[in-house]
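Accompanying notes for the structure given below.
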Amino acid sequence: KALNEIKPLLGWRVVYAWVGDDPCGDGDLPPWAGVKCSTMGDYRVVTDFLSLNHDFSYVLMEATAGSCSKMRLRMQGSVCGINHWAFSYCCDQYAGLDKAVRDLHNNKLTGPIPPQIGRLKRLRVLNLRWNKLQDIIPPEIGELKQLTHLYLSFNNFKGEIPKELANLPELRYLYLHENRFTGRIPPDLGTLQNLRHLDVGNNHLVGTIRELIRYEGSFPALRNLYLNNNYLTGGIPAQLANLTSLEILYLSYNKMSGPIPTALASIPRLTHLYVDNNQFSGRIPDAFYKHPFLKEMYIEGNGFRAGVKPVGAHKVQDSLDRDASIIDRKKMRSLPRNASTLAVACLHPIRSKPSNLIEHESKIR
């Protein structure tokens, strides 16, 4: 029954390979391609299911006839061709909910994330970055109450960032950069008590930081805030200094303006501040140059007064020198999606990530 429910979703891929209604064969009809069956008592049971293309990952399924509740699915390696999300609707036991980690990064997954994603109730880590997923993120993702790590970067998602992400009380790391999100960043994300890392860089987002932190006590645990390469406007509000756990603030390549508030230098753990390539003006308060932990402050491409100096060594990579770094994508802030964007890369240099982020990402890969 489970395979028959999945069959229509695979379309042309199985029209000649899965003939009839019985995956194990019926009368003169052979078993479906890639399907292996065995007899258990009065039932024929699907015990093995290999995908139809050797480039696909293999899928191992166990399902009693007429029952989806015992189906288990495991995916490894490349996951290209078949839309494996089609399996998600089948039953609440999809993908072995006892497994807390789903790592499908750097494959060729396409299509949208289905609303059935909300059925993976025990999921703690979902890593889908470096794929070709698209469309909006379904609001059902807010039903993954145990989720701590969500990696959706380097895809083609569009639409607004769903406010339902604020319904994930355990969420610590949220990576949404390098997509096509539009609209404003939901201020509701500020209510996440455990969120340590928020990266929405390299999208098409608008709005102001003041709107983002408008709730009292916003982002109490946030350490790293990446808002770079968007269309944010307005200034840096002094209230941003209330994010006392902040270590990295990345605002580069927006349309922000006004002075840099002195209050920002009171953030005790601030180590990296990037405000370059905006429309900021005035002077940099002396307190930043006396900050005991500030390692880097990028300020170029603004309207600051003459004589204002950056902090730290500028680790800027020219696009012509990036070939060696492409091998290790974890160290790159962003990469061109295709050859047509090389000109953009020349205008917007690629920076190495701060070392603490590189170390963190190396642990999850």
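At 1.4 Å probe size, with every protein chain present, just tell me what the per residue accessible area of region 145-238 comes to in Å².
Computed with neighbouring chains in place, this is 36 Å² per residue.
Run the 1.4 Å probe and let me know the accessible area of CYS37, rounded to the nearest 10 Å².
Accessible area, nearest 10 Å²: 50 Å².
Determine the alpha carbon to alpha carbon distance for each of LYS108/LYS163; LYS163/LYS295; LYS132/LYS158 and list only those over 22 Å.
Beyond 22 Å between Cα atoms: LYS108/LYS163; LYS163/LYS295.
How would region 124-257 be classified by its alpha-carbon gyration tensor: rounded, prolate or oblate, with rounded meaning a/c under 1.5 and the a/b versus b/c comparison settling the rest?
Here region 124-257 falls in the oblate category.
On full extension of the chain, what length is gained from THR191 through ARG214, given 0.36 nm per residue of separation minus the C-alpha to C-alpha distance?
7.2 nm
Between rounded, prolate and oblate, where does region 149-212 land on the alpha carbon gyration tensor, with a ≥ b ≥ c its root eigenvalues, rounded for a/c under 1.5, else prolate if a/b exceeds b/c?
Oblate, because a/c is 1.5 or more while a/b does not exceed b/c.
For VAL206, what accessible surface area do you get with a 1.4 Å probe? Give it in Å², rounded to 10.
60
If you average the C-alpha positions of region 240-256 and of region 157-196 separately, how far apart do those two centres end up, in angstrom?
When both Cα centres are located, 16 Å separates them.
Given a Förster distance of 41 angstrom, what is the FRET efficiency for ILE136 paired with SER38, based on the Cβ-Cβ distance and rounded to 0.05?
Computed FRET efficiency for ILE136 and SER38: 0.45.
The values are calculated or read from the model by the stated rules, or taken from the named source; none is laboratory data. Quick caveat, the model's predicted, so the values are computed rather than measured. Every residue, glycine as well, gets a Cβ built from its backbone with ideal geometry; the counts of neighbours run over all protein chains shown. When the accessible area is computed, the model is the full protein with side chains, heavy atoms only, and any ligands, DNA or RNA have been set aside. Shrake-Rupley method; radii C 1.70, N 1.55, O 1.52, S 1.80 Å.
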